[in-house]
Amino acid sequence: MTTAERSLAIPRPASLHAPAPADRQLVGRIGPWQLVKLINESELARVYLARPADAAGESAAAYVVKVLRKEWWRDPHAIEMQRRAAWVGRKVSHPHLLPVLSAGVDQPPFYTVSPKLEGRSLASLLEQQRRIPLAIALWIGRQVAEALDALHTTARMIHSDVKPANIVVAPDGHATLVDLGFVHTPGESRHWSTRPVYGTLNYLAPEALTSSLAASPQSDIYSLGVTLYEIITGGLPFTGRDAEHLLRQHREAKPPCLRMRQPETPKAVASLVHRMLAKDPLRRPESAADVAEELVRLEIESFSAAA
């Protein structure tokens, strides 16, 4: 990391290193893992801090175990999603993509194990400060684009759920794309209505919102474009009073000019983001690698301007 990067790094929240007595409250065991603390849950899964079951009782819980909820153990689609996430997480090794270290996906209980990340989700940071400084926003976007490139080229899979809640930013600014629960191959049908989280709809590409078009790596580029728009301007390009209204905007509406919302944004940055938000996938950048390459240049220019 350069001196400029260090000077603009997101400050370390004090809470990251505060003692957590609940960490010592054991909640169960799964396979060779001792579950120490429930840290998140969704309709599909529960996520726990964990440590190896044979580790010393006071050893740190340095792992995260994601367990498919029991009510989904007989659902073939949910099981396949978990198995696919495990396969991709072990196949693709990249510093900005959360790896899967081990998994139990052959029979119940179904779970995956990843290292615990230090930091906070980008969504959490946005709740606190609404906007991210431009140089940092481009830096985070570039790191996520590099992770997507690895996912697209090595596993030939689409992440399909790129959003601030799935980007963890460490105190030094290192960004990691997490949650491989919706990965799928290009062209594979994954209708939006199968998504259990409404917030995801804010970031889905138009082609992912209709059964008549197939998702592609460009769909992830669109979602990253929405994320960049949000962290640069402090607001989403599209909002809706209900799901149908929001989906219609993604399919038909032109996003408000980024520079109208954030006038000091360089034209080249606004141009890239709006190209990423093109309705037609063919009008977006050709690949995540192309996005990363362009962001590198813009990132350098922004750090230089801020120095």
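The values are calculated or read from the model by the stated rules, or taken from the named source; none is laboratory data. Computed from a prediction, not measured in an experiment: that's the story for all the values here. Backbone-built Cβ (ideal geometry, glycine too); neighbour counts: all protein chains shown.
Below is a table of values for the structure above.
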item: Unique residue being touching a Leu at 6+ places or on another chain (Cβ under 9 Å) and assigned to a helix (DSSP H, G or I) when the list is Leu138, Leu117, Leu125; result: Leu138
item: Complete set of residues in the range 162-215 that are of a type in the set (Asp, Glu) and at pLDDT 85 or above; result: Asp172, Asp179, Glu207
item: Selection count where residues are aromatic (Phe, Trp, Tyr) and either closer than 10 Å to Gly181 by Cα or touching a Lys or Arg at 6+ places or on another chain (Cβ under 9 Å) (or both), scope the range 78-117; result: 2
